[in-house]
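J.: Here's a structure for you.
The values are calculated or read from the model by the stated rules, or taken from the named source; none is laboratory data. Every value quoted in this text rests on a predicted model; they were computed, and no experiment measured them. Using ideal geometry, Cβ is built from the backbone for each residue, glycine included, and neighbour counts are taken over all protein chains shown.
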Amino acid sequence: KEDEYLENLNKKIEEYDPNTSKTILFKDLPLSPPTLKGLNGAAFLKLTDIQRESIPISLKGYDVLGSAKTGSGKTLAFLIPILEKLYREKWTEFDGLGALVISPTRELAMQIYEVLLKIGTYTSLSAGLVIGGKDVKFESERLSKINILIGTPGRILQHLDQAIALNTSNLQMLVLDEADRCLDMGFKKTLDAIVSNLPASRQTLLFSATQSQSLGDLARLSLTDYKTVGTMDPS
Ligand code: ADP
Ligand code: MG
């Protein structure tokens, strides 16, 4: 029964045409029941522009380079595709790390984590936050049980470099959030090192508020077969 449901959901996503779609309500998107329930519970009903443009493409499995100004709703534009990807892969709490979200600052990482807890209430997946400040070894022991990990670049790389490193071999989705800001803060080399550690088969979503030459370079390095969505700030 569940397989039948999944098959139907996958078919709906395949048939969904992001170009002609005027979907403005989350309930009209081909989303899983736990995600819809979580969105509803948090009173997220209508999609913002960047969500309407990017979520269908992300659901279809493409890499995405998305740009839209601060406050436009980029967090849900990547958290929803993460939850849906793992749902459709029948991810369980025992399957290890399925998604990794990189955010430039501790504050932003914590905000993302809070939104994830809200909309992910009805999934059995576990979420973790690594932003420094705690003992790396202490964090390491818990990371083996985390399905969706959010963290800052330096701290994530630190975990990848540990003796008992974070196991990314099964990673389905990488998100680089506020990528422009990551670059401004001097994280280019750290991001390159993280990306080179991850399986090439993953899907990658890269979001930023602005466009730049260096962002294009990062996109070329981290994305494959990607679609560009959102507003292009000509800078
Ligand atoms: P960005 O990352 O683009 O700066 P956020 O994801 O932080 O934007 O969202 C900005 C604000 O908009 C947050 O307060 C968030 O709760 C709200 N928001 C995002 N998406 C929606 C939505 N679909 N409906 C209502 N509010 C939303
Ligand atoms: Mg944001």
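J.: Tell me whether the range 24-43 contains one or more residues that are over 22 Å from L218 (Cα atoms) and within 12 Å of ligand 2 (Cβ to nearest atom).
T.: The answer is no; no qualifying residue exists.
J.: Tally time: how many residues in the range 170-214 are away from ligand 1 (no atom under 16 Å from the Cβ), touching a Pro at 6+ places or on another chain (Cβ under 6 Å) and not aliphatic (A, V, I, L, M)?
T.: Number satisfying all stated conditions: 2.
J.: If you don't mind, there's one more thing I want to ask. Condition first: in contact with a strand residue (DSSP E or B) (Cβ under 8 Å, 6 or more places away or on another chain) and more than 10 Å from ligand 2 (Cβ to nearest atom). Now tell me which residues in the range 101-121 satisfy that.
T.: V101, I102, A109, M110, Y113, L116, L117, G120
J.: Which ones in the range 17-54 are in contact with a strand residue (DSSP E or B) (Cβ under 7 Å, 6 or more places away or on another chain), more than 8 Å from ligand 1 (Cβ to nearest atom) and of a type outside the set (V, I, T)?
T.: Within the range 17-54, L25, E53, S54 meet the criteria.
J.: Just to be sure I understand the filter: pairs with C-beta atoms under 6 Å, separated by 6 or more residues or on different chains, first member in the range 110-136 and in contact (Cβ under 8 Å) with a residue 12 or more places away in the chain, second member within 16 Å of ligand 2 (Cβ to nearest atom) and of a type in the set (D, E, K, R). Which pairs pass?
T.: I131/R106
J.: Among what's in the range 169-219 and is in contact with a Ser or Thr (Cβ under 8 Å, 6 or more places away or on another chain), over 22 Å from I80 (Cβ atoms) and of a type in the set (S, T, Y), pick the residue that is surrounded by the fewest Cβ atoms within 10 Å (Cβ to Cβ).
T.: That would be S212.
J.: Within the range 46-79, can you find the residues that are closer than 18 Å to N10 by Cα and among the polar types (S, T, N, Q)?
T.: Within the range 46-79, S54, S58 qualify.
For every residue, the table says whether it meets (1) modelled with pLDDT of 95 or more; (2) among the hydrophobic types (A, V, I, L, M, F, W, C); (3) more than 22 Å from L198 (Cβ to Cβ).
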position: L59; (1), (2), (3): yes, yes, no
position: L83; (1), (2), (3): yes, yes, no
position: P104; (1), (2), (3): yes, no, no
position: M110; (1), (2), (3): yes, yes, yes
position: A127; (1), (2), (3): yes, yes, no
